[in-house]
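Single-structure report; data block below.
The values are calculated or read from the model by the stated rules, or taken from the named source; none is laboratory data. Worth saying up front: this structure is predicted, and the values here are computed from it rather than measured. Every residue, glycine among them, receives a Cβ derived from its backbone with ideal geometry; neighbour counts consider all protein chains shown. Please note that ligands, DNA and RNA were not included when accessible areas were found on the heavy atoms of the full protein model with its side chains. Shrake-Rupley method; radii C 1.70, N 1.55, O 1.52, S 1.80 Å.
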Amino acid sequence: MTSAVSESAPIGDGGVEGHVLDTLVIGGGFSGLYQLDRLRDLGFSVKVWDAAGGLGGIWWWNCYPGARTDSTGQIYQYSYKDLWKEFDFTELYPSWDGVRNYFEYVDSKLDLTKDIEFNTVAESCVWDEDKLEWTVRSSDGKQQRARTVIVATGFGAKPLYPSLEGLEDFQGECHHTARWPQGGLDMTGKKVVVMGTGSSGVQVIQEAAGVAEHLTVLQRTPNLALPMRQRKLTTEDNDRLRETLPERFETRYKAFAGFDFDFIPQNASELSEEERLATYERMWEDGGFHLWLGNFQDILVDEEANRTFYDFWRQKVHQRVADPKVAEMLAPATPPHPFGVKRPSLEQNYFDVYNQDNVTLIDSTVEPIKRVLPNGIETANGFIECDVLVLGTGFDNNSGGIMAIDITGVEGKTLQDKWAGGVDTYLGLSTAGFPNMLFLYGPQSPSGFCNGPTSAEYQGQVVSDFLAELKARGTRRFESTEEVERAWRAHVDEVFQGSMFTKARSWYWGANVPGKPAQMLNYSGGVPAYFAKWEEIKNAGYKGFEFQ
Ligand code: NAP
């Protein structure tokens, strides 16, 4: 670390620790930590601010019972620096604490925490055009100057709370899944109500059903959940899975969603019913996201093909749920939306719990919630007594975590104002008027359609290469132009409009948040197309950016 550099020195010259950093990274999940490590290797002075109280990124916050990844641990880890060679996952799909253990392991190898300030909530970032630096302030009064800021808050940093009359007067325990008490919460023998049946809801429902005196599930849209096929892993299993990992890591770059598998290069619509069903059955036995992102290539683009899988899925659910009325609520004859255009969950015993006497399913589109009372919930049909109210109601995804920070760029203009009518970015990485700022896993990148650690590494590499280049050039200021971000927004929208993702109201395009501009926030053209685009930009000397 150099100790005496002028305040307007180039990006990457080492900065002055505690005074002006080369880079402040906001957010210490997979993306933020990867960036910390890479930039330190490049000689940057860098720190991470994380709102969480410890390592884990999104898994620090989402520690509700049953929280676990829907990706296998093997592919939900870093592939670089041989980190994958030593860590053993105890389950095929790691739980939140399994992922936290993994982060601790990474920290033991890379010595990250010495440069992380936990419990530090970035409240504002203000650009100084004279000094060419950002001043970032935290909610507890800390201040940090930095030549570049990387916002790596993830796609789910801002929980979405439902607007329910009386919620604040509820006298029992009420927790959003993403703000679960760190010490846990025992639901044994309690009357539990879970609102929401997204990925978080499904997971907490499976756990609550096993211990609650009574569990009531408030479902607005059924989750077209797929079998997880969870299993414990021994050391030998880990060794065996490691054998093929290098090739599997390579595949991520070529696959639509950054996984180690891709769609079957065949159309379901061109096969006989018998052939199609045989493939569905085989994939069903294996479980996992193959059924979604490794299914026939026309499943997410052709409604008829899609329906063949929906009908197959529906029949599987009906076989497991004893009461036909409940089965119909969970898997209706008319699909709520085409399969896979809203994120399906992986489940273990989700559909089976509805056969238990202590579990009730309520369709809140038929029996709406009227208000929350101090001891329960009043619906259109009556009263549900409740000790524990779980809000599995999701997030203000993609842009919410960034816009929660008060960001002021060139000429005092704020990001909140700029994005009030919708997000504009250059490949989800930067936005005009906010120089020397980059977003990781940001809006208009593939984020929702890309395995997190894959994005952390590939997009992280893009960013660290970019910053290394700026360091080599002696650059002090960079900014992408409005012209290129208009073009990117139009492209993201065009790909979306031509897809079936328009057919479900989902967080992918902001439809889950009342009043949020309806706009595709997750690039749905696929991981390979995204990185090919970036390669083009890079080869053209980082076309679309202006440098000083
Ligand atoms: P989500 O998918 O947005 O689901 C929220 C649920 O709450 C939906 O069922 C939604 O109904 C319901 N809801 C929201 N507001 C409501 C309201 N006012 N009244 C009634 N119901 C309401 O959120 P999430 O389950 O937290 O998952 C978000 C994303 O995080 C996932 O898609 C996934 O990418 C990630 N995640 C991953 C894992 C994992 O890997 N295992 C676990 C959790 C989360 P509607 O569907 O009708 O809107």
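May I ask for the net charge around Ser138, where only other residues with Cβ less than 11 Å from the Cβ of Ser138 are counted and Lys, Arg are +1 while Asp, Glu are -1? It works out to a net charge of -2.
Taking amide H positions as modeled 1.01 Å from N, with prolines and chain starts lacking one, the residues under 5 Å from Asn119 and 5 or more places away or on another chain are Asp50, Ala52, Gly53, Gly54. Once backbone amide H atoms are built at 1.01 Å from N, Ser124 has Arg137, Asp406 as its partners under 5 Å, excluding neighbours fewer than 5 places away on the same chain.
Rounded to the nearest Hz, the phi-derived 3J(HN,Hα) couplings of region 527-533 under the Karplus curve 6.51 cos²θ - 1.76 cosθ + 1.60 (θ = phi - 60°) are 4, x, 5, 5, 6, 5, 4, where x marks glycine and proline. What number comes out for the charge environment of His337, summing +1 per Lys or Arg and -1 per Asp or Glu over other residues with Cβ under 9 Å away? After counting each charged neighbour, the total is +3.
A Förster radius of 51 Å, combined with the Cβ-Cβ distance separating Glu378 from Ala472, puts the computed FRET efficiency at roughly 0.20.
If you take the square roots of the eigenvalues of the alpha-carbon gyration tensor of region 55-170 and sort them as a ≥ b ≥ c, do you get rounded (a/c under 1.5), prolate (a/b over b/c) or oblate? In terms of gyration-tensor shape, oblate.
Once backbone amide H atoms are built at 1.01 Å from N, Phe256 has Phe263 as its partners under 5 Å, excluding neighbours fewer than 5 places away on the same chain. Its residue count N sets the reference 2.2 N^0.38 Å, and the alpha-carbon radius of gyration of region 226-339 equals 1.22 times that reference. Estimated translational diffusion coefficient (Stokes-Einstein, Kirkwood radius over Cα pairs, 25 °C, 0.890 mPa s) of region 294-339: 221 µm² per second.
The GluC sites (Glu not before Pro) found in region 93-135 that occupy coil by DSSP, while having at most 12 further C-beta atoms within 10 Å, are Glu129. The ellipsoid equivalent to the alpha-carbon distribution of region 330-470 has semi-axes of 41, 21, 14 angstrom, derived from the gyration tensor eigenvalues as √(5λ) and listed largest first. When the surface is traced with a 1.4 Å probe over the full set of protein chains, Leu389 keeps roughly 0 Å² accessible.
Each Cα pair of the chain feeds into the Kirkwood radius, which the Stokes-Einstein equation turns, at 4 °C and 1.567 mPa s, into a diffusion coefficient of 53 µm²/s. A 1.4 Å probe run over the chain, with the rest of the protein chains in place, finds 39 Å² accessible per residue.
Extension gain for Arg242-Leu167 works out to 22.2 nm (0.36 nm per residue, less the C-alpha to C-alpha distance).
Shape class of region 122-256 from the alpha-carbon gyration tensor: oblate, with a/c at 1.5 or above and b/c at least as large as a/b. Ligands, DNA and RNA left out, the 1.4 Å accessible surface of region 42-157 is 47% carbon and sulfur atoms. Once the C-beta distance of Glu250 and Arg229 is scaled by a Förster radius of 30 Å, the resulting FRET efficiency is 0.80 to the nearest 0.05. Beyond a 21 Å Cα-Cα separation, which of these cross-linked pairs lie in this structure: Lys47/Lys142; Lys131/Lys418; Lys109/Lys254; Lys158/Lys342? Going by Cα-Cα distance, Lys131/Lys418; Lys109/Lys254 fall outside the 21 Å limit. I'd like the distance separating the alpha-carbon centroids of region 430-477 and region 152-189, in whole Å. Going from one Cα centre to the other spans 32 Å.
Using the alpha-carbon centroid of each, what span in Å lies between region 266-300 and region 309-376? Between the Cα centres of region 266-300 and region 309-376 lies a distance of 23 Å.
What is the calculated FRET efficiency for Arg179 to Asp323, with r their C-beta to C-beta distance and R₀ = 35 Å, to the nearest 0.05? Calculated value: 0.55. Per residue, the average separation of C-alpha pairs within less than 8 Å and at least 6 apart gives region 226-339 a relative contact order of 23 percent.
Rolling a 1.4 angstrom probe over region 226-339 with all protein chains present gives an accessible area of which 50% lies on carbon and sulfur atoms. With 0.36 nm allotted per residue and the present C-alpha distance subtracted, the Glu117-Glu213 stretch has 30.4 nm of extension available. Computed over neighbours whose Cβ is under 9 Å from that of Gly433, the net charge equals -1, Lys and Arg +1, Asp and Glu -1.
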